[in-house]
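**Student:** One structure, as C-alpha cells, below. Some questions next.
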Amino acid sequence: MKRENLYKIALGLAFAPLLLTGCSDEWDDHYDGTAKGVLSGTLWDAIRQDANLSNFASVVSACGYDKALGSSQVFTVFAPGNDVFSSEQAQALINSYNSQKGSVSDDENSTVKEFLQNHIALYNYSVSSKSNDSIVMMNGKYSVLTPNGINGTAFTESNQHFQNGVLFKVGSPLKFFPNVFEYIRQGSELDSLYNFFYSNRFYRRVFQPDQSVAGGIVDGKTVYLDSVFKQENELFGRDFLDAQLNREDSTYWMIAPTNRVWRELVEEYTPYFNYDKTVADSDSIVYTNTRLAIVKGTVFSRGINFDNMVRDSLMSTNATYYYSSRKKSWGNDTLHYYQYMQPYAPGGVLTDTQVVPCSNGVMYVSDNWKINKLETFFQTRIIEAEAEGSIKEVSKQANQQGVLEEMANPRYRTVDSKNAFYGQVSGNAFVEFEPTTTTVQPGVTFNIKNVLSNIGYDIYLVTAPALANDSNATAIQSLPTILNVYLGYHNKEGVKQEKELARQIETKGDVVNYMLLAEDFKFPVASYGLNEDEPQVTLRLETNVRPRAVNVTHTRVMRIDCIILKPHEGEIK
C-alpha cells in the first residue's frame with residue numbers, strides 16, 4: 001500500500017476522543033501548530049539532519065516513511081538515538097523489511113508494524129507536568145504518555161515542535177506489545193503454528209479496488225494509478241476460526257501448541273484425513289484439515305466468556321452458542337463440541353500452560369495438550385432421516401410399461417408433544433416408507449457425509465414405532481419388520497465398495513429401536529469437509545419379509561428415525 005493512502009486511511013480510523021483527554025491550553029496551541037517556539041522544517045528534516053538519529057533515519061527512509069514525515073500530515077515521533085539503537089539493529093530491520101516486501105502489505109510488514117509504526121503516532125502530542133494521556137500509535141497499539149516518558153521508556157528530549165508535528169527522543173527503542181496473532185510470529189516455541197497461520201495459503205495481500213485510484217481503461221481493463229492492498233487472513237473467517245485475532249479492539253484467549261505438541265498432533269491426526277485418489281488436490285486438503293483439526297476450538301472471545309462463567313465452561317469461537325442451533329449443527333442439542341467444562345480444574349484445557357499477556361488478550365502456550373479430539377473434530381454423526389438431503393434414493397422397479405417407479409412412498413411423520421414417545425424419537429420426527437404394492441420389498445439409501453478415515457465408528461440404525469406418530473395405531477400397523485443393511489464407501493483408489501452390515505435384523509414394533517450395525521468400523525478414506533454431490537458413504541436398507549408373513553407377523557413398512565456414527569473410543573466428556 002502506498003504511504004499516502006496508508007495515512008489517509010489511518011487518519012480516518014484514529015480515535016479522536018482519546019486525543020483530547022487531559023489537554024492543556026499549551027498543548028492545544030501545539031496541536032493547532034500555532035505554539036511559540038516551533039522549529040523550522042519538517043519532522044523528516046529534523047531526523048535526517050540529527051547525526052545521533054542516523055540509524056533510525058535509515059530505517060525510516062528504507063521503508064518509505066521519509067515522504068510521510070516530510071509531508072503536511074501531522075505526526076508525533078518517538079525516536080531512539082544511535083547510542084541505544086545501533087546500525088546493526090537498523091540494518092537487520094531493513095533486511096527484514098526487504099525480505100517481506102511484495103509478499104505482505106506494507107502495513108503488515110513486521111519492520112513497519114512492529115518498529116516504525118510503534119514509534120509514530122498520528123496528530124500532534126506534547127507533554128506537560130500533568131500529562132497522563134492514552135494515545136494510539138500508527139499500528140493501533142495504545143500507549144500511555146506521561147511527563148517523562150511513554151510506556152515507561154524515558155524521554156531524553158521532549159516537545160520539539162516542527163512544522164508537521166512533535167519529535168521526542170527516547171532512551172531505548174519502544175517495546176512492541178504484540179496481540180494474539182502477532183505473538184504467534186514471536187513465540188519461541190510456536191514456529192509450527194506460525195508457519196500455518198502466516199502461510200500464503202491463508203495470509204494474503206488482497207487488492208482493494210474501492211480504495212485504489214483508477215487511471216482509465218486499457219484493453220477493456222481498468223488501470224490503476226494507485227493500487228491499494230489489504231492483508232487478510234482467511235483463517236479468521238466464519239468457516240475457520242471466526243475470530244479476528246489481529247484486532248486491537250477485541251479481546252481473545254488462545255491455547256497455542258508448542259512445536260513438540262504440534263508435531264505429535266500432526267502425526268496422530270493425518271491418518272484421519274486420508275482421501276481417495278479421485279479427490280482433487282487431496283494433498284492440500286489433507287495438510288489443511290489436519291492442522292485445522294488442531295487449531296479449531298483453541299480461540300475464545302471474551303465477549304461471550306465472562307469471568308463468572310469461564311470456570312464452569314469455556315466456549316470457543318467454533319462452539320454453537322444456542323441450544324436451538326446445536327440440533328442443526330451437531331444433530332443433537334445435548335452435544336457441545338468446541339466447548340470445555342471446568343477449564344481450570346485438574347486436566348482442564350487451560351491447565352499446565354504458559355500464560356502470556358497480549359495487547360488484545362492472553363495466549364496460553366501449551367506443551368501438555370489437554371484438548372480432546374472427542375470434544376472437537378472427532379464427532380458423533382447423526383443423520384436424521386427427515387433432514388434435507390439425507391435420502392439419496394428410494395429403490396425402484398420397472399412397471400408394465402418399462403418405466404422405473406419408486407417402490408415406496410416416503411411420508412414425513414412428527415411426534416406430538418402429548419405422545420408417549422415425544423422426546424424418545426430424535427428430533428421428534430421420522431420418515432415412514434410404505435411399499436407401493438404388497439408384492440415389493442422396498443428399499444431406501446441414505447447419504448452420510450463428513451466421515452473420517454482410520455477412526456473407529458460404532459454404526460447404529462434407529463427406527464421408530466407406528467405409535468410415535470399415531471397413538472391409536474392398530475396392531476397390524478405396529479408389527480415389526482425385518483431388514484437387510486448395506487454400507488457403501490470408497491476404497492483408496494476411489495472405487496465404490498459395499499459391505500453387508502446386517503441380514504434379517506428384526507425391529508420391535510412398539511419401541512424406538514437402537515440397532516448396532518457395526519462396531520469400531522474404520523473407513524479407509526475420508527469424506528470430511530468435501531462438498532459432495534454424490535456422497536461416497538451411504539447406508540442402504542431393504543426389507544426382507546416373506547410374502548406369507550406380510551401383515552401377519554411382520555410389515556414391510558420401514559419407519560426410520562436416524563443413523564448414528566458414534567466414535568468407538570468413548571463418550572464425550
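The values are calculated or read from the model by the stated rules, or taken from the named source; none is laboratory data. Keep in mind it's a predicted model, so treat the numbers as computed, not measured. Glycine also receives a Cβ, built like all others from the backbone with ideal geometry; neighbour counts cover every protein chain displayed. Remember, those area values only see protein heavy atoms, side chains included, never the ligands or the DNA or RNA. Shrake-Rupley method; radii C 1.70, N 1.55, O 1.52, S 1.80 Å.
**Student:** From the list Phe155, Phe75, which one is surrounded by 20 or more Cβ atoms within 10 Å (Cβ to Cβ) and not hydroxyl-bearing (Ser, Thr, Tyr)?
**Tutor:** Going through Phe155, Phe75 in turn, the sole match is Phe75.
**Student:** Take the conditions closer than 30 Å to Ala79 by Cα, open to solvent by 50 Å² or more (accessible area, probe 1.4 Å) and at pLDDT below 95 and apply them to Arg205. Does it pass?
**Tutor:** So Arg205 fits the description; yes.
**Student:** I'm told Ala502 meets every condition in (1) open to solvent by 30 Å² or more (accessible area, probe 1.4 Å); (2) over 37 Å from the mean Cα position of the chain (by Cα) except one. Can you identify the failing condition by its number?
**Tutor:** (1)
**Student:** Just checking, does the stretch 522-529 include any residue being modelled with pLDDT under 95 and surrounded by fewer than 19 Cβ atoms within 10 Å (Cβ to Cβ)?
**Tutor:** yes
**Student:** Across the stretch 266-286, what is the number of residues that are open to solvent by 40 Å² or more (accessible area, probe 1.4 Å), under 13 Å from Tyr528 (Cα atoms) and hydroxyl-bearing (Ser, Thr, Tyr)?
**Tutor:** Looking only at that region, the number is 1.
**Student:** Kindly indicate whether Tyr422 is assigned to a strand (DSSP E or B), of a type in the set (Phe, Trp, Tyr), surrounded by fewer than 17 Cβ atoms within 10 Å (Cβ to Cβ) and at pLDDT 95 or above.
**Tutor:** Criteria not met by Tyr422.
**Student:** Glu157 versus (1) at pLDDT 90 or above; (2) in contact with a strand residue (DSSP E or B) (Cβ under 7 Å, 6 or more places away or on another chain); (3) assigned to a strand (DSSP E or B); (4) farther than 18 Å from Pro80 by Cβ: which is the lone unmet condition?
**Tutor:** Going through the list (1) at pLDDT 90 or above; (2) in contact with a strand residue (DSSP E or B) (Cβ under 7 Å, 6 or more places away or on another chain); (3) assigned to a strand (DSSP E or B); (4) farther than 18 Å from Pro80 by Cβ, Glu157 breaks only (4).
**Student:** Moving on. Any residue at all in the stretch 390-413 that is open to solvent by less than 20 Å² (accessible area, probe 1.4 Å) and more than 25 Å from Arg540 (Cβ to Cβ)?
**Tutor:** Scanning the stretch 390-413 turns up no residue that is open to solvent by less than 20 Å² (accessible area, probe 1.4 Å) and more than 25 Å from Arg540 (Cβ to Cβ).
**Student:** Given the residues Ser110, Ser134, Ser126, Ser105, which is the only one that is modelled with pLDDT under 95, among the polar types (S, T, N, Q), closer than 24 Å to Gly361 by Cα and in contact with a strand residue (DSSP E or B) (Cβ under 6 Å, 6 or more places away or on another chain)?
**Tutor:** None of the others qualify; the one that does is Ser134.
**Student:** Can you work out which of the residues in the stretch 348-380 that are touching a Lys or Arg at 6+ places or on another chain (Cβ under 8 Å) and open to solvent by 50 Å² or more (accessible area, probe 1.4 Å) is farthest from Gln536 (Cα to Cα)?
**Tutor:** Asp352
**Student:** Same structure again: Which of (1) on the phi < 0 side of the Ramachandran plot; (2) touching a Lys or Arg at 6+ places or on another chain (Cβ under 6 Å); (3) not charged (D, E, K, R) does Tyr489 not meet, given it meets every other one?
**Tutor:** Status for Tyr489: all satisfied but (2).
**Student:** How many of the residues making up the stretch 305-328 are among the hydroxyl-bearing types (Ser, Thr, Tyr), closer than 24 Å to Lys370 by Cα and either buried (at least 19 other Cβ atoms within 10 Å of the Cβ) or at pLDDT below 70 (or both)?
**Tutor:** So the count comes out to 3.
**Student:** Which members of the stretch 247-302 meet the condition of being polar (S, T, N, Q) and either outside any loop (DSSP other than H, G, I, E, B) or closer than 30 Å to Asn491 by Cβ (or both)?
**Tutor:** The answer is Asn259, Thr270, Asn274, Thr278, Ser282, Ser284, Thr288, Asn289, Thr290, Ser301.
Each row is one residue, and each column tells you yes or no for (1) out of contact with any His (no Cβ under 6 Å at 6 or more places or on another chain); (2) surrounded by fewer than 20 Cβ atoms within 10 Å (Cβ to Cβ); (3) under 30 Å from Thr376 (Cα atoms).
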| residue | (1), (2), (3) |
| --- | --- |
| Ala429 | yes, yes, yes |
| Thr438 | yes, yes, no |
| Ala468 | yes, no, no |
| Ile476 | yes, yes, no |
| Leu483 | yes, no, no |
| His490 | yes, no, yes |
| Glu498 | yes, yes, yes |
| Val511 | yes, yes, no |
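**Student:** Which residues, counting only those in the stretch 410-431, are β-branched (Val, Ile, Thr) and free of Cβ contacts under 8 Å to residues at least 60 places away in the same chain?
**Tutor:** Thr414, Val415
**Student:** Quick check on my filter: what residues within the stretch 386-409 are among the β-branched types (Val, Ile, Thr) and either assigned to a loop (DSSP other than H, G, I, E, B) or free of Cβ contacts under 8 Å to residues at least 12 places away in the same chain (or both)?
**Tutor:** Val403
**Student:** Hey, another quick one. Only one of (1) modelled with pLDDT of 95 or more; (2) out of contact with any His (no Cβ under 8 Å at 6 or more places or on another chain); (3) buried (at least 17 other Cβ atoms within 10 Å of the Cβ) is not met by Pro80, so which one is it?
**Tutor:** (2)
**Student:** Which of the residues that make up the stretch 530-546 are out of contact with any Phe, Trp or Tyr (no Cβ under 9 Å at 6 or more places or on another chain), at pLDDT 95 or above and open to solvent by 30 Å² or more (accessible area, probe 1.4 Å)?
**Tutor:** Asn544, Arg546 - these are the residues of the stretch 530-546 that are out of contact with any Phe, Trp or Tyr (no Cβ under 9 Å at 6 or more places or on another chain), at pLDDT 95 or above and open to solvent by 30 Å² or more (accessible area, probe 1.4 Å).
**Student:** Moving on to the next point. Condition check: at pLDDT 90 or above, open to solvent by less than 90 Å² (accessible area, probe 1.4 Å), touching a Gly at 6+ places or on another chain (Cβ under 9 Å) and under 21 Å from Tyr460 (Cβ atoms). Does Ala387 satisfy that?
**Tutor:** Values: at pLDDT 90 or above: yes; open to solvent by less than 90 Å² (accessible area, probe 1.4 Å): yes; touching a Gly at 6+ places or on another chain (Cβ under 9 Å): yes; under 21 Å from Tyr460 (Cβ atoms): yes.
Yes, satisfied.
**Student:** State the number of residues belonging to the stretch 492-533 that are charged (D, E, K, R) and farther than 22 Å from Ile560 by Cα.
**Tutor:** 7
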